[in-house]
There are 2 protein chains.
Amino acid sequence: MNNTEKIACAVKDAAIFAASSPEDNRNRALLKAAELLSERRAEILAVNAADMSAAEKNGIARPMLKRLALNDNKLDSLITGLRDLVELPDPNGKVRFARQLDDGLVLKCISCPIGVIGVVFEARPEALVQIASLCIKSGNGAILKGGSEALNSNRVLFDIMITAARESGLPENCLALLESREQISELLACDKYVDLLIPRGSNSFVRYIMDNTNIPVMGHAAGVCHVYVDEHADPVKAARIVCDAKTQYPAACNAAETLLLHKSIAGSFFKEYDRIKDEFPKITLRAVGDICGYTGCEQGSEDDLGREFSDNVLAVKVVSSVEEAIAHINRYGSKHTDSIVTENDDAAELFFRLVDSAGVYRNCSTRFADGFRYGFGAEVGISTSKIHARGPVGLDGLMTYKYILIGEGHIVGDYASGVKSFKHVDMIF
Amino acid sequence: MNNTEKIACAVKDAAIFAASSPEDNRNRALLKAAELLSERRAEILAVNAADMSAAEKNGIARPMLKRLALNDNKLDSLITGLRDLVELPDPNGKVRFARQLDDGLVLKCISCPIGVIGVVFEARPEALVQIASLCIKSGNGAILKGGSEALNSNRVLFDIMITAARESGLPENCLALLESREQISELLACDKYVDLLIPRGSNSFVRYIMDNTNIPVMGHAAGVCHVYVDEHADPVKAARIVCDAKTQYPAACNAAETLLLHKSIAGSFFKEYDRIKDEFPKITLRAVGDICGYTGCEQGSEDDLGREFSDNVLAVKVVSSVEEAIAHINRYGSKHTDSIVTENDDAAELFFRLVDSAGVYRNCSTRFADGFRYGFGAEVGISTSKIHARGPVGLDGLMTYKYILIGEGHIVGDYASGVKSFKHVDMIF
């Protein structure tokens, strides 16, 4: 056993007990963590400043530096987030259904934590607190590996989370922190101990994780979202939605990457777009194919379709029907979030039914795809997989269930021979 | 694109439309399939007889031959199964929750099929009908690869299912049949088109599938189930449960493989066991370590712990506490199904909370772990994974969900700037 395996095995053993820990202990741990974050604020900010200046010396890119930085605002919202999480109902131990199979033989399906969650994230140290707290609330164990740039920040934040957990009666090893890059590949091999991996970072990083482990992976590599402006769209709504979906945070996975325009709306859309575009950051439009003579575009190419620009760049393509738009999205999209702008109910209904994405929207920006905006309290990430959790993933995505069957000496032979037969009566609980 | 990819791509395109097909069409397809099975009974049995005699000539093992054989009984229960499935509620398009995020901005979470299910099964041709019918009911597309021994039986059964589907208005390519062995590895590479794989067959076969694809796999490789006879067990219940759990169908994945006996119950357990054992097929007990002087056992070894015998052989080990039994099960088990025999509520409660398996039972046989016995109407298989579906998997395990968000031109910028704020009011639907 290498050291990472030993750590994973210890977290696995602890996770069994975390799963059956009282709700009170788990909530107390969250409140304690909020307290410690507040008390140790100066220390956290000092250590983070040291990480920042080391990162600057190493010539780290500006957007990365921005993600690495902690400040009073970010700490305040972490503290609020922890307190909000306490208020959410316990997701653990809920009876999902109960059924009497026969006299004296009762089946119950009960929610329980998945077990050990491995989280590998880049840069943003507050992710450590957010994810550890969701794992504590749900009764999962967690193995956390943060970006090396945030080494010192992560150490302090981890110390706060594990201290809060231990002081509240949770098992000693319910959380673990990995620090070296080599431990990532060792963690990917721990399929005996780790039940689910959640990678958060660049596309290539997530893709690397997905391609190199037998452990189920939850998350998304690409975020290629579309806005389709239908022939029955209101151009005023359409132009604002397009600008927001692209520019509100262009590096986010739920930002729009391709604009599909119905040929009969293109003229009035561009007219409105030109009228309001200066209210938003400037977008570089890249036309793929003929776009009805509009001259405000760069010349794009087929390669721009299905491409994630992560910048204020938007591919534009003209289509002849809602069916063509749907087929385009299902072919080039990443099953993340796609929006139709239309005043026509039939077009919207068709779009809802046939677009094969986690989020399918009408008359609103793709940027709404987010756990906080959905009212989940918090999110561990956004899943583009269709198995288990899909879209923004909150506490529910960290749960599974087990079947409890309670008998009085019941054997299957009696049912196979016909001496007894099943009743299957659903029970109210 | 190789031929398998072309097939998978066509099923993917069809699956989008199957997902949004009316419930009536899907139910009509099931009734039509039941009709055709009945009408073409003689043809099915003749073709199956040809498969059987070819298999016999090729010297195929007897248990495999038994699985290959179709007869009137099996066909009758397939027909009944199809009609029962029609009666089950439509799992598709159910609103799981609805929430008003703000004025005019409504989020709905709606159940929908996963998409394309790839099923690779050995021998039993009736699996083709069972799985295809679950996929039809749930609105999934399916790619089916059966055992080569059942080639002709599978062809007729597939023809019945696809004819029934097409005649009921389902898309032309909602089901596909693969016939050659090489197509399995090609199918495993179709992660662009196949959303979930369900392998049904030997442990090594399932393990091979799991190790050679990026597509999520649902099912189980090993089935290592335990019965733990607690110090507070009723020996009469215990002896019958152990005999049933081992012998009722020893090759099944939910058969018991290891008996754990509390040291203080061993004597009275063996006394009762010797009294009743002749009512059941003979079990070879393999003692691992000291088993309190009972002489009716072969000498076993550590290698027998966690071993799936698939035969009337049972490892026996003595433990000193319920905690030791739980730790043993979590270490050697396969997270399938494990049962405690006890009259003590505290021991049962501890067992329920800490055993990390899909099924955790009290005072009944592990052989109850089955979709029909649970009242699911049918099952596609049993999952020992903790992600997505767990335990016996029925229609629900073939579903996922999508988020529908309906606005009136809502953009995220208004919420980021504080012009608007979220209301998050859950809606009754």
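The values are calculated or read from the model by the stated rules, or taken from the named source; none is laboratory data. These numbers come from a predicted model, not from an experiment. Cβ sites come from the backbone with ideal geometry, for glycine too, and all protein chains shown count toward neighbours.
Only one of B:LEU188, B:LEU259 is in contact with a helix residue (DSSP H, G or I) (Cβ under 8 Å, 6 or more places away or on another chain), over 30 Å from A:ASP414 (Cβ atoms) and among the aliphatic types (A, V, I, L, M). Can you tell me which?
Numbers: B:LEU259 fails: over 30 Å from A:ASP414 (Cβ atoms).
Matching residue, one of B:LEU188, B:LEU259: B:LEU188.
Checking each residue in the stretch B:383-398 for being in contact with a His (Cβ under 8 Å, 6 or more places away or on another chain) and closer than 17 Å to B:CYS112 by Cβ picks out B:HIS388, B:GLY397.
Whenever a residue of the stretch B:313-335 is without any contact (Cβ under 8 Å) to a residue 60 or more places away in the chain, its partners that are part of a helix (DSSP H, G or I) and among the charged types (D, E, K, R), lying with C-beta atoms within less than 6 angstrom and at least six residues away or across chains, give the pairs B:ALA315/B:ASP304. Put simply, of B:SER339, B:SER334 the only residue that is more than 7 Å from every other protein chain (Cβ to nearest Cβ), assigned to a strand (DSSP E or B) and of a type in the set (Ser, Thr, Tyr) is B:SER339. Only residues that are assigned to a helix (DSSP H, G or I), more than 7 Å from chain B (Cβ to nearest Cβ) and of a type in the set (A, V, I, L, M, F, W, C) were counted in the stretch A:383-423, giving 2. Filtering the stretch A:378-429 to residues that are among the acidic types (Asp, Glu) and over 25 Å from B:LYS335 (Cβ atoms) leaves A:GLU379, A:GLU408, A:ASP414, A:ASP426. Within the stretch B:389-414, the residues that satisfy the criterion of being touching a helix residue (DSSP H, G or I) at 6+ places or on another chain (Cβ under 7 Å) and surrounded by fewer than 23 Cβ atoms within 10 Å (Cβ to Cβ) are B:MET399, B:ILE404, B:GLY409, B:GLY413. Of the residues that sit in the stretch A:169-183 and are touching a Phe, Trp or Tyr at 6+ places or on another chain (Cβ under 9 Å) and outside any strand (DSSP E or B), which one is nearest to B:ASP211 (Cα to Cα)? If we take residues in the stretch A:169-183 being touching a Phe, Trp or Tyr at 6+ places or on another chain (Cβ under 9 Å) and outside any strand (DSSP E or B), then A:CYS174 is nearest to B:ASP211 (Cα to Cα). Each residue in the stretch A:189-216 was checked for being more than 14 Å from chain B (Cβ to nearest Cβ) and aliphatic (A, V, I, L, M), and 0 pass.
State all residues of the stretch A:101-123 that are over 26 Å from A:ILE16 (Cα atoms) and modelled with pLDDT under 95; if no residue qualifies, say none. Those that are over 26 Å from A:ILE16 (Cα atoms) and modelled with pLDDT under 95: A:GLU122, A:ALA123. Residues that are closer than 24 Å to B:LEU45 by Cα, more than 20 Å from the chain's Cα centre (by Cα) and either crowded, with 24+ Cβ neighbours inside 10 Å or of a type in the set (D, E, K, R) (or both) do not occur anywhere in the stretch B:107-118.
When restricted to residues that are in contact with a strand residue (DSSP E or B) (Cβ under 7 Å, 6 or more places away or on another chain) and part of a helix (DSSP H, G or I), the stretch A:237-264 contains 7.
Check whether at least one residue in the stretch B:348-356 is crowded, with 24+ Cβ neighbours inside 10 Å, more than 7 Å from chain A (Cβ to nearest Cβ), assigned to a loop (DSSP other than H, G, I, E, B) and under 22 Å from the mean Cα position of the chain (by Cα), and report yes or no. Walk me through how you get there before you give the answer.
First pass over the stretch B:348-356, keeping only residues crowded, with 24+ Cβ neighbours inside 10 Å: B:351, B:355.
From the residues that got through so far, the ones that are more than 7 Å from chain A (Cβ to nearest Cβ) too are B:351, B:355.
Imposing the further condition that a residue be assigned to a loop (DSSP other than H, G, I, E, B) reduces the set to B:355.
Now restrict to residues that are under 22 Å from the mean Cα position of the chain (by Cα): B:355.
Yes, because at least one residue in the stretch B:348-356 is crowded, with 24+ Cβ neighbours inside 10 Å, more than 7 Å from chain A (Cβ to nearest Cβ), assigned to a loop (DSSP other than H, G, I, E, B) and under 22 Å from the mean Cα position of the chain (by Cα).
Of these, B:GLY293, B:GLY267, which one is part of a loop (DSSP other than H, G, I, E, B) and not β-branched (Val, Ile, Thr)? Break it down stepwise before answering.
Working: B:GLY267 fails: part of a loop (DSSP other than H, G, I, E, B).
Exactly one residue qualifies, and that residue is B:GLY293.
Name the residues in the stretch A:159-168 that are in contact (Cβ under 8 Å) with a residue 60 or more places away in the chain, assigned to a helix (DSSP H, G or I) and not aliphatic (A, V, I, L, M), would you? Working first, answer last.
Going residue by residue through the stretch A:159-168, those that are in contact (Cβ under 8 Å) with a residue 60 or more places away in the chain are A:160-161, A:163-165, A:167-168.
Those left that are additionally assigned to a helix (DSSP H, G or I): A:160-161, A:163-165, A:167.
Hits for the stretch A:159-168 are A:THR163, A:GLU167.
Does A:ILE16 satisfy the criteria of being in contact with a Leu (Cβ under 8 Å, 6 or more places away or on another chain), surrounded by 13 or more Cβ atoms within 10 Å (Cβ to Cβ), of a type in the set (A, V, I, L, M) and part of a helix (DSSP H, G or I)? Give the derivation first.
On the way: in contact with a Leu (Cβ under 8 Å, 6 or more places away or on another chain): yes; surrounded by 13 or more Cβ atoms within 10 Å (Cβ to Cβ): yes; of a type in the set (A, V, I, L, M): yes; part of a helix (DSSP H, G or I): yes.
It is true that A:ILE16 is in contact with a Leu (Cβ under 8 Å, 6 or more places away or on another chain), surrounded by 13 or more Cβ atoms within 10 Å (Cβ to Cβ), of a type in the set (A, V, I, L, M) and part of a helix (DSSP H, G or I).
Is at least one residue of the stretch A:286-300 away from chain B (no Cβ under 14 Å) and under 27 Å from the mean Cα position of the chain (by Cα)? Reasoning before the result, please.
First, pick out the residues of the stretch A:286-300 that are away from chain B (no Cβ under 14 Å): A:286-300.
Then keep just the ones that are under 27 Å from the mean Cα position of the chain (by Cα); that gives none.
Looking for residues that are away from chain B (no Cβ under 14 Å) and under 27 Å from the mean Cα position of the chain (by Cα), one finds none in the stretch A:286-300, hence no.
Among the residues of the stretch B:19-51, the ones that are under 16 Å from B:LEU175 (Cα atoms) and not in a helix (DSSP H, G or I) come to 2 in all. Taking the conditions (1) on the phi > 0 side of the Ramachandran plot; (2) not in a strand (DSSP E or B) in turn, B:ASN363 satisfies each one other than (2).
Restricting attention to the stretch A:250-277 and to residues that are among the charged types (D, E, K, R) and away from chain B (no Cβ under 14 Å), the residue that is nearest to A:GLU323 (Cα to Cα) turns out to be A:LYS263.
Just one of the numbered conditions (1) under 23 Å from B:ASN203 (Cβ atoms); (2) modelled with pLDDT of 95 or more; (3) part of a loop (DSSP other than H, G, I, E, B) is not true of B:LYS282: (1).
On the stretch given as the stretch A:184-201, residues that are not in a loop (DSSP other than H, G, I, E, B) and not charged (D, E, K, R) total 8.
The set of residues from the stretch A:57-108 being farther than 30 Å from A:ARG28 by Cβ and part of a helix (DSSP H, G or I) comprises A:LYS57, A:ARG62, A:PRO63, A:MET64, A:LEU65, A:LYS66, A:ARG67, A:LEU68. Consider the stretch B:217-249 and keep the residues that are within 14 Å of chain A (Cβ to nearest Cβ) and of a type in the set (Ser, Thr, Tyr). The one that is nearest to B:PHE205 (Cα to Cα) is B:TYR249. Condition first: part of a helix (DSSP H, G or I) and not β-branched (Val, Ile, Thr). Now tell me which residues in the stretch A:202-225 satisfy that. The answer is A:ASN203, A:SER204, A:PHE205, A:ARG207, A:TYR208, A:MET210, A:ASP211.
Can you tell me which residues in the stretch B:1-13 are surrounded by 15 or more Cβ atoms within 10 Å (Cβ to Cβ) and of a type in the set (D, E, K, R)? Break it down into steps so the answer makes sense when it comes.
Step one: of the stretch B:1-13, the residues surrounded by 15 or more Cβ atoms within 10 Å (Cβ to Cβ) are B:4-5, B:7-13.
Selection gives B:GLU5, B:LYS12, B:ASP13.
The set of residues from the stretch A:368-382 being at the interface with another protein chain (Cβ under 10 Å from one of its Cβ atoms) and crowded, with 22+ Cβ neighbours inside 10 Å comprises A:PHE368, A:ALA369, A:TYR374.
Is it the case, given these coordinates, that A:ALA164 is buried (at least 21 other Cβ atoms within 10 Å of the Cβ) and over 23 Å from the mean Cα position of the chain (by Cα)? So A:ALA164 fits the description; yes.
Among the residues of the stretch A:82-121, the ones that are within 10 Å of chain B (Cβ to nearest Cβ) and among the acidic types (Asp, Glu) come to 1 in all.
In this structure, does B:LYS192 turn out to be of a type outside the set (A, V, I, L, M) and surrounded by 21 or more Cβ atoms within 10 Å (Cβ to Cβ)?
Details: of a type outside the set (A, V, I, L, M): yes; surrounded by 21 or more Cβ atoms within 10 Å (Cβ to Cβ): no.
It is false that B:LYS192 is of a type outside the set (A, V, I, L, M) and surrounded by 21 or more Cβ atoms within 10 Å (Cβ to Cβ).
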